[in-house]
Structure formats: structure tokens, C-alpha cells
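The values are calculated or read from the model by the stated rules, or taken from the named source; none is laboratory data. Since the structure is predicted, the reported quantities are computational estimates derived from the model, not experimental observations. When we count neighbours, we look across all protein chains shown, and the Cβ atoms used for this are built from the backbone with ideal geometry, even at glycine. Please note that ligands, DNA and RNA were not included when accessible areas were found on the heavy atoms of the full protein model with its side chains. Shrake-Rupley method; radii C 1.70, N 1.55, O 1.52, S 1.80 Å.
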Amino acid sequence: MRFLRDTNLVEYGWRYRIGTEESSTATIPDPPHARLTRDLRALDTLFAVAQTYGSLEFRVAPASLRELADSPEVDADEVLAWARELAAYAAPVDWRDELSSRRQAALFTDFVRPGDAVLIGEAVRLGCAGLLTCDYRLVRQRDRIRRVAGVEVMTPSTVKV
């Protein structure tokens, strides 16, 4: 099963080294961010399942790379380099050609933010069954997105493996 990770999950993945031997999800502060903590730990588990069984594949969209490149964060260059490496792994030859995704985004802009609409279009174009996110506002639109785009919007903790 193939999933597109949204920009925030790419950033969190880098910050906590999710999916690596140096994973530091244990250091995520629990009380104020319990739901986010649960989802990041679940993402770490999903990466372990992917590495062990190869049944899951994660993609990064060109739109996310663009967002990361525009980030004012001090570590933006390191995050971007890591995201490019993730994006290139097992990516289709034409993964950078996001023009059709931008055109498709117009189908979703009446009920999601423009950046999210492009990511939904990217998930469709890249053949992803789901869009993984910790944007809980976007998750609330999952039924409508599924009807219109055929893509499941889910948090890492809701993925069944």
C-alpha cells in the first residue's frame, strides 16, 4: 500500500528521525500533544513494518519539497535534503511533474486549503491509496475527499497493517 506523507509529517520525521535506528519518538512531549505523539509513534511503527515486510511505501510530493524550500526554519536546508532523499526513493520517473496535480487541486479547493488541495491531487497522481497527515482539520474532511478523489485521508495511528 502506498501513502503520501504531508509536509508536516516530513518535517516531524526529520526532527525525530522517524523510521531510522536513531528514532527519538520517546522524547516527544506527551501531555500537551498526546494525539500528535500517538501519531508520530505510529508513523515510526509503520516505517518499521515497511522496512521489515515491504508492504508499505511512502511518497513525498513535489509540493511538499516546495513548501520546505520556502520555510524560514533554521534547519530548513537539512530537512529539505532529507525530504529530497525520501522523495526520490522508489519514486516514479515523472514524480516531479506536478502540473496535473495543480490542475486537479481546483476540484478540492472549495472544502480544503489550497496547499492541501494540491497534496490531494499529488496523492492521486502518484497512485497513493492514502494521504498521511497530522492535520486534524484535514482529517475531518476525509469522507468528502474519499468521495471526490478516491484517496483516504488518515493519521498514522488509524492505518491498519
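Inside segment 2-24, can you point out the residues that are of a type in the set (K, R) and assigned to a loop (DSSP other than H, G, I, E, B)?
Let us first name the residues in segment 2-24 that are of a type in the set (K, R), namely 2, 5, 15, 17.
Selection gives R17 alone.
State all residues of segment 140-161 that are among the hydrophobic types (A, V, I, L, M, F, W, C), closer than 21 Å to V49 by Cβ and open to solvent by 10 Å² or more (accessible area, probe 1.4 Å); if no residue qualifies, say none.
M154, V159, V161, listed by residue number.
Identify all residues within segment 117-133 that are within 11 Å of the chain's Cα centre (by Cα) and part of a helix (DSSP H, G or I); write none if there are none.
Start the filter on segment 117-133 by keeping residues that are within 11 Å of the chain's Cα centre (by Cα), which leaves 119-120, 122-123, 128, 130-133.
Of everything in segment 117-133, those that are within 11 Å of the chain's Cα centre (by Cα) and part of a helix (DSSP H, G or I) turn out to be L119, I120, E122, A123.
Among what's in segment 72-109 and is open to solvent by 90 Å² or more (accessible area, probe 1.4 Å) and among the aliphatic types (A, V, I, L, M), pick the residue that is modelled with the lowest pLDDT.
V93
Where residues in segment 7-47 are closer than 18 Å to L86 by Cβ and more than 16 Å from the chain's Cα centre (by Cα), which of them is least open to solvent (accessible area, probe 1.4 Å)?
Step by step, filter segment 7-47, then rank; the result is T25.
Scan segment 19-26 and give yes if some residue there is of a type in the set (A, V, I, L, M, F, W, C), without any contact (Cβ under 8 Å) to a residue 40 or more places away in the chain and over 25 Å from E122 (Cβ atoms), otherwise no. Break it down stepwise before answering.
At the first step, the residues of segment 19-26 found to be of a type in the set (A, V, I, L, M, F, W, C) are 26.
Narrowing further to those that are without any contact (Cβ under 8 Å) to a residue 40 or more places away in the chain: 26.
With the extra rule that they be over 25 Å from E122 (Cβ atoms), the set shrinks to 26.
Yes: one or more hits.
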